[in-house]
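Asker: The structure follows.
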């Protein structure tokens with residue numbers, strides 16, 4: 001895993017999900033748009049100060065920003081999901097997971 005590339009891609013997704021352009025985010029964190037572009041593409045890494053500003057503007061915690069467990073191989077993810085579902089004790093929770101899975105599959 002290339003941490004710079006994965007982190008940059010996550011920042012880009014978060015920025016886009018919040019409806020911000022690169023120019024808008026760069027201005028709000030006081031860096032050049034070209035610098036932000038390099039961060040999002042995994043070419044540059046940011047200072048701790050810039051990282052803190054990005055987290056604040058995008059309203060994300062460090063735990064959320066640095067969580068990359070979902071990038072494991074698909075087989076591992078499916079196996080973990082199945083094991084987690086088997087642990088559910090409540091019929092209501094099983095039904096909720098069932099509905100969620102069906103909704104995602106039928107998108």
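The values are calculated or read from the model by the stated rules, or taken from the named source; none is laboratory data. The structure displayed is predicted, hence computed values, not measured ones. Here Cβ is always computed from backbone atoms with ideal geometry, including for glycine, and neighbour counts include all displayed protein chains.
Asker: For residues that are surrounded by 10 or more Cβ atoms within 10 Å (Cβ to Cβ) and farther than 12 Å from residue 10 by Cα, scanning just segment 63-81, find the one that is nearest to the chain's Cα centre (by Cα).
Answerer: 72
Asker: Scan segment 5-19 for residues that are touching a helix residue (DSSP H, G or I) at 6+ places or on another chain (Cβ under 8 Å) and either free of Cβ contacts under 8 Å to residues at least 12 places away in the same chain or in a helix (DSSP H, G or I) (or both) and jot them down.
Answerer: Listed by number, the residues that qualify are 6, 7, 8, 9, 10, 11, 12, 14, 15.
Conditions tested, residue by residue: (1) at pLDDT 95 or above; (2) within 21 Å of the chain's Cα centre (by Cα); (3) under 28 Å from residue 15 (Cβ atoms); (4) surrounded by 13 or more Cβ atoms within 10 Å (Cβ to Cβ).
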position	(1), (2), (3), (4)
27	yes, no, yes, yes
30	yes, no, yes, no
57	yes, yes, yes, yes
90	no, no, no, no
102	no, no, no, no
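Asker: With respect to residue 43, determine if the residue is modelled with pLDDT under 90, within 23 Å of residue 16 (Cβ to Cβ) and assigned to a loop (DSSP other than H, G, I, E, B).
Answerer: Values: modelled with pLDDT under 90: no; within 23 Å of residue 16 (Cβ to Cβ): yes; assigned to a loop (DSSP other than H, G, I, E, B): yes.
No.
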